[in-house]
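Enquirer: Take a look at the following structure, please.
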Amino acid sequence: PIRKKEDSQQLYRRKKNFSNALSLSYSNPIQMQKSAFQYMYDADGNTYLDAYNNIMLAGHCHPKVVRAGQKSMAKLNTNTRYLYNELLSYSEKLLVKFPENLNKVFFVNSGSAASDLAIRMATNHSQRQKVMVLEHGYHGNTRIGIDISHYKYNHEGGTGKQEYILATPMPKAFESGYPDNGTAGDFFAKQTREQIKANTNQIAAFIAEPIVGCGGQVPLANGYLQQVYQAIRVQGGICISDEVQVGFGRLGDYFWGYEMFDVIPDMVILGKPMANGHPIGAVVTTTEIAESFDNGLEFFSSFGGNPVSCAVGEAVLDVIEEEGLQEHAKKVGDYLLGRLKDLQIEYPEILDVRGSGLFIGIEMGSTHEVSSTQLAARIKNGLRESHILISTDGPEDNVLKIKPPLSFNLLDADKLVFHISQQLYLFLKS
Ligand code: PMP
């Protein structure tokens, strides 16, 4: 009862100082106190398996990352108008991860600041104004961020599509009626290419995630991106890959999501896992685009590229390397995908299992009188009672999202599959 009182006091204080536009997870919110690697601990002493937080790529409170931040914060904090080694050392390590032509970096403090800057740079470089986006995509919370996020502007309470935005269908092979062997990609690319043609020489940028997170963990149909990138470039536009969710090795086979589709973007935006929860984002682009941005107007971010953030970001890259996190994501991800596909054979309520590495979506169908949205919510809430954290998303909110810290292991995968199957069993029995 004391704890319940504490929770209700916190809820009261939240309501007093915050808008309800900020949401809480679960109808019975969790008061978190501590976290370590793939675990989170609530105020009642319960341990949760975190199968959801892609930001904590190296693991919650990874000691090497924490120490790097502590040490650096106690030594120097300043901005990019001074020379200091942390900026250079980190940017060199980061840029090595990209192909040779992506060789200039701009540091900011969030994924939103990165997508906003990327659109500004693309508009400036191309001297074109329109921006093409995927339906159901999300790229940020700034004004431009919302403009380019169908997920937000098209939502209840959103302001609708701005005139300069071209929205094109999300190329979701599953549901298209075509196999994902290039046929589905061709089908979607044809529509998008027609839209590009109708707006030729007016499109500054095309922005997309390689696997659309908010759209319900949807990998772009094979072959789609190559055709669209080409059509955008032919008419003078810039191709932007939003790697905020999928980047930094989570996909197992690929360090960056665009590698999945054998393309090289002109600009990449980074955020979330980049510094394991420390607020940092970046735009990585070509010399050419970076040079045209240098048109007399200074670019300055008070915090972007500060030595503390750089030290933390560098520690994350070191941990990925030292602990073989990309290979680990492949091993555990392949295993988990396989086990979930087996579960799909057992339960036709699972319509699709998709993803790469430890970035996985499970699309639920409807059954009896229960909608797919309700079924997904039941599983999410049931898992929470078993102290496992996941989320749901997608246009119908019927996709279970799994994107854990990369310390997530084979036993965790077994535990997650067991509890999902238990939830399905209990639900179907009831
Ligand atoms: N792009 C994508 C794909 C995202 O998922 C997000 C955050 N959910 C952003 C951009 C914006 O990042 P931030 O919340 O750090 O501003």
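Read-outs: derived from the displayed coordinates by stated rules, not from any lab. All values derive from a computational prediction rather than experimental measurement. As a convention, Cβ positions derive from the backbone with ideal geometry for all residues, glycine included, and neighbour counts pool all protein chains shown.
Enquirer: Identify the residues of the stretch 133-152 with backbone N under 11 Å of a label point that sits 7 angstrom from the Cα of Q162 along the Cα-to-Cβ direction, or state none.
Expert: 142-149
Enquirer: Same structure again: List the pair-distance distribution P(r) of the stretch 1-154, using every Cα-Cα distance, as the percent of pairs falling in each 5 Å bin from 0 up to the bin containing the longest distance, rounded to whole percents.
Expert: Spelled out bin by bin, the stretch 1-154 gives 1, 6, 9, 12, 14, 16, 15, 12, 8, 4, 1, 0, 0 percent.
Enquirer: Please figure out what share of the DSSP beta bridges in the chain is antiparallel and state it in percent, rounded to the nearest 5.
Expert: 65
Enquirer: How do the peptides 90-100, 182-192 rank, highest first, by the average count of neighbouring beta carbon atoms within 10 Å per residue?
Expert: Going from most to least packed, we get 182-192, 90-100.
Enquirer: Can you divide the C-alpha Rg of the chain by 2.2 N^0.38 Å and report the result to two decimal places?
Expert: In units of the 2.2 N^0.38 Å rule of thumb, it is 0.98.
Enquirer: Here's another thing I want to ask about it. Give me H139, H125, H155 ranked fewest to most by other Cβ atoms within 10 Å of their Cβ, as a rough exposure proxy.
Expert: Sorted ascending by nearby Cβ count, the order is H155, H125, H139.
Enquirer: Now, a different point. Which whole-angstrom value gives the distance between the alpha carbon centres of the stretch 129-208 and the stretch 376-426?
Expert: Spelled out, the Cα-based centre of one part sits 29 Å from the other.
Enquirer: To the nearest 0.05, what FRET efficiency results for A198 and T142 with a Förster distance of 30 Å applied to their C-beta separation?
Expert: 0.60
Enquirer: For Q129 and K71 in one chain, what is 0.36 nm times their gap in residues minus the Cα-Cα distance, to one decimal in nm?
Expert: 16.4 nm
Enquirer: Here's something else I'd like to know. Using the Kyte-Doolittle scale, find the helices of the chain whose mean hydropathy is at least -1.0 and whose Cα atoms extend 18 Å or more along the helix's long axis, counting only whole DSSP H runs.
Expert: 111-126, 183-198, 307-322, 325-346, 372-385, 410-429
Enquirer: On to the next question. Determine, for C310, C61, the number of other Cβ atoms within 10 Å of each Cβ, and report the residues in order from fewest to most.
Expert: So the residues, fewest neighbours to most, are C61, C310.
Enquirer: Between K97 and L411, what is the FRET efficiency for a Förster distance of 30 Å, r being their Cβ-Cβ separation, to the nearest 0.05?
Expert: 0.50
Enquirer: Also, I was wondering about something else. May I ask you to list the GluC sites (Glu not before Pro) in the stretch 332-430 that are in a DSSP loop and have at most 13 other Cβ atoms within 10 Å of their Cβ?
Expert: Qualifying residues, ordered by number: E369.
Enquirer: Can you sort V332, V234, V66 so the residue with the fewest Cβ neighbours within 10 Å comes first?
Expert: With the sparsest Cβ surroundings first, the list reads V234, V66, V332.
Enquirer: Past 18 Å, Cα to Cα, is the threshold; run K331/K403; K380/K415; K64/K403; K341/K401 against it and keep the listed order.
Expert: K64/K403
Enquirer: Which whole-number percent is the relative contact order of the chain (Cα, under 8 Å, 6+ apart)?
Expert: Dividing the mean separation by the residue count of the chain yields 22 percent.
Enquirer: A follow-up question, please. Starting from the Cα of L428, move 7 Å in the Cα-to-Cβ direction to define the label point; list residues of the stretch 369-401 whose amide nitrogen is under 19 Å from there.
Expert: In the stretch 369-401, the label zone of L428 (backbone N under 19 Å from the point 7 Å along Cα→Cβ) covers 369-383, 399-400.
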